[in-house]
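Worksheet for the structure shown next.
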């Protein structure tokens with residue numbers, strides 16, 4: 001099985017106004033295999049930060065078309081601890097269902113990293129997620145530039 005590293009992050013600008021329908025959310029994932037990295041993004045529109053964090057993990061896993069050994073790295077304790085069984089799934093059931101489905105064919109290791117603490121690829125995901133949320137769309141060329149910086 002291929003060994004893949006997946007670094008992911010979500011962003012919700014205006015998260016405090018999520019219930020009022022005023023957030024702009026996005027999700028980003030970077031996949032690495034043998035030193036080669038690819039970046040993927042998704043604009044989510046009105047979504048909470050927690051939802052964006054879940055979708056970010058989904059986004060990366062959904063790019064894999066064969067069973068892999070995947071190390072998922074996220075700054076979201078919500079995602080990591082839920083997937084490790086330390087937190088219960090109480091809300092966002094459609095997003096958790098998507099993530100469970102994305103994990104089905106893979107052996108996944110869930111790893112937490114502190115956000116904004118110098119993890120190069122996590123900070124790259126964070127930057128890219130903010131760019132998507134601000135723009136309201138995914139610009140793949142812009143994402144590729146961020147990845148190459």
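Readers should treat all values here as calculations from the given coordinates under stated rules, not as data from a laboratory. Nothing here was measured: the structure is a model prediction, and the numbers come from that model. Note that each Cβ is placed from the backbone with ideal geometry, even for glycine, and that neighbours are counted across all protein chains shown.
A crude spin-label estimate for the pair residue 135 and residue 120, with each label 7 Å from Cα along the Cβ direction, gives 2.3 nm. Once you have a ≥ b ≥ c as the square roots of the Cα gyration tensor eigenvalues for the chain, tell me rounded if a/c is under 1.5, and otherwise prolate or oblate according to whether a/b is larger than b/c. Note, shape of the chain comes out oblate.
Applying 0.36 nm per residue to the separation of residue 71 and residue 33 and subtracting their alpha-carbon distance, the gain on full extension is 12.6 nm. Helix content alone sets the calculated 222 nm mean residue ellipticity of the chain: runs of n ≥ 4 DSSP H residues at -39500 (n - 2.57) each, divided across all residues, give -11500 deg cm²/dmol.
Given the C-alpha centroids of the range 93-120 and the range 21-75, what is the distance between them in whole angstrom? Cα centroid to Cα centroid, the span is 8 Å. The calculated FRET efficiency for the pair residue 127 and residue 3, based on their C-beta separation and a Förster distance of 30 Å, comes to about 0.70.
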